[in-house]
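The values are calculated or read from the model by the stated rules, or taken from the named source; none is laboratory data. Here the structure is a predicted model, which is why all the values come from computation and not from measurement. Heads up, the Cβs are rebuilt from the backbone with ideal geometry, glycines too, and the neighbour counts pull from every protein chain shown.
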Amino acid sequence: MPEAIFFSYMELIMSTDTTPELTPEQLADIERKFDPETAFRQTGKTLGFMISLILVLMSVYHFYASGFGLVRELVHRGIHLSFVLGLVFLLFGARKTSDTLSPKAWYRLDGIPLIDIIFAFLAVTAAMYLPLLPASALAQRVGNPSTCSTMIFNDKITFLY
């Protein structure tokens, strides 16, 4: 007898549930509104594949550096920053735009403005400048930067701000 009362009570609760079902579009809209970490821009298939490949290469490098290889800290820092800064300029735009894929134009590549692609390339170049120099050249330049080093430093400061 107590089971019958319990089941009839459960049927009553389930029949009075008036919570509306949300569509996938409504759920995505709620997620965009309340989760800022998902606010990256949409890309086309080609550039999306390239970004995925860069992310996989970044993961493989970090697994190698953390478990198997001994990488100098200056080199490791430069490689890590080049991956991250390049992806930041590709995934998050300098200007706030809509979340939909932008229309095709001569200054866009798969929905990403050409200026953001240029900034991504410059950020990778600036981050890899010191790690690609030989250690002996760095040791000789301590306290006496070259003109090229000063220009790269100014570029790094510009990208950070």
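Here are a few things to note about the model shown:
- The requirement of being at pLDDT below 85 and surrounded by 11 or more Cβ atoms within 10 Å (Cβ to Cβ) is not satisfied by Phe63.
- Qualifying residue in region 50-60 (condition: at pLDDT below 85, surrounded by 11 or more Cβ atoms within 10 Å (Cβ to Cβ) and not in a loop (DSSP other than H, G, I, E, B)): no
- Screening region 117-161 for residues that are among the hydroxyl-bearing types (Ser, Thr, Tyr) and either touching a residue at least 24 places away in the same chain (Cβ under 8 Å) or under 15 Å from Val88 (Cβ atoms) (or both) and picking the one that is surrounded by the fewest Cβ atoms within 10 Å (Cβ to Cβ) gives Tyr161.
- Tally of residues being of a type in the set (A, V, I, L, M, F, W, C) and not in a helix (DSSP H, G or I) across region 61-89: 3
- Val88 vs. criteria at pLDDT 85 or above and out of contact with any Gly (no Cβ under 6 Å at 6 or more places or on another chain): yes
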